[in-house]
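Here is the structure we will look at.
Every number in this text was worked out from the coordinates using simple rules, so none of it is lab data. These numbers were taken from a predicted model, which means no experiment stands behind them. Glycine gets a Cβ as well: all are built from the backbone with ideal geometry, and neighbour counts include every protein chain shown.
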Amino acid sequence: MELKNKFISLRDRFLQLDKKKKIAGIAALAAVVFLLAALLLFHSPGGSDAEDAVYVQKVSDLTANSILAERYSGVVESQRSVDFKKDPERTIETVFVSAGQEVEKDTPLFQYDVKEAQNSIASIKLEIEGLNNEISVLKADAGDTQTKLQISQKELEINQKKAEMDKCQKQIDQSVVKSTLAGVVKTVNEAPGTDNTGSEQPVVSITETGQFRIKGKISEQSIASLSSGQPVIVRSRINEDQTWTGSISTIETEPVSQDPNQQMMDEGSGERASSYPFYVSLEDTEGLMLGQHVYIEPDYGQTEIREGIWLDEGFLLEEEDGTFVWGEKRGKLKKIRVETGERDEEGFIVQITSGLSEEDYITWPDDTLKEGMKVQIPGEDE
């Protein structure tokens, strides 16, 4: 019962950790939870022959420096890509760029044919001139009401013609489509149609340069483990010591593809699951290359190097003559004196400056423990 109460207390404390303030203690607490679960098993009625032994865990598996995080595959891509599509009512005369070309903001991309608009303006000007002549004639004999109505009608037609002419002039003035960003021309379609999904193809597609983001993918079974704004570490696949930091900016709610051949295999169930894209904004992109494949993992403080051994404070026995932990010596349980250093109040962890090494084995303190009891080391005749 004592062990069960400790397990519940530790579980509650584990859930209360504020990972945005201090995430480094999570791995240590998780390992402790595992250790308590094992202790419950060995102390359960009807257990194995090892139930009289005390289960111990290696110190290196319980420290805040031994953090393992779930990894997701990712690829470096441009911060954004912009498509410039054709006006369906207009005809393209000239495309000024080609695929692979670097462009700056306001670089001309393509131009619409304006001959039709120019001809329309010339024709409208003649029509307006004719209407003005008719109005002049009518004004010379504008004594009756009918004539005044005719003049008003002609003036209304002139205003309508001017509006048509302004529309044509606007088409001429905006005949050249310019880039709204600096980047590299990804694709060019001088006669754009539709792609295999039925979507309209762009005339020019440009990928932004200078700023990178990471595009990752996650299965629908695991998507709940990520959240927008969550800090992450991006790790090189070639050199795992090379890392970048950032946070999740967007998690898409629509799967990448419903094609069974492109769905991800869920590791837990062995079943196929839809893949959902998510995006990571980086604090620094130096050393990354467009198209580079990387790993993405939640930031639990695994890149933070802490001096010495950091243990959950629950392992410590604060007594009048010093601080102790229950550990293994020559196959028996023994109370070991330790010296402590810094304390992380938010992470519930304490620095051990002496008395323990990472190769030692310890267990969670319990009122039933006594020196000289047998110990069970993981992997040794469990």
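Determine Rg/Rh for region 80-156; Rg is computed over alpha-carbon atoms and Rh is the Kirkwood hydrodynamic estimate from the same atoms.
Result for region 80-156 is an Rg/Rh of 1.36.
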Could you check the simple spin-label distance between residue 164 and residue 343, using points 7 Å along Cα→Cβ, in nm with one decimal?
8.7 nm
How many angstrom separate the Cα center of region 359-379 from the Cα center of region 70-147?
82 Å
What's the extension gain from residue 94 to residue 370 if we count 0.36 nm per residue and subtract their Cα-Cα distance?
90.5 nm
Part-to-part distance (alpha-carbon centres) for region 149-168 and region 313-355, which is given in Å
93 Å
Here D for region 144-184, in µm²/s, from Stokes-Einstein with a Kirkwood Rh over Cα pairs at 4 °C and 1.567 mPa s, works out to 97 µm²/s
Rg and Dmax in Å for region 321-382, alpha carbons only: what are they?
13.0, 38
Average silhouette area of region 115-173, convex hull of alpha-carbon atoms, in square nanometres:
3.7 nm²
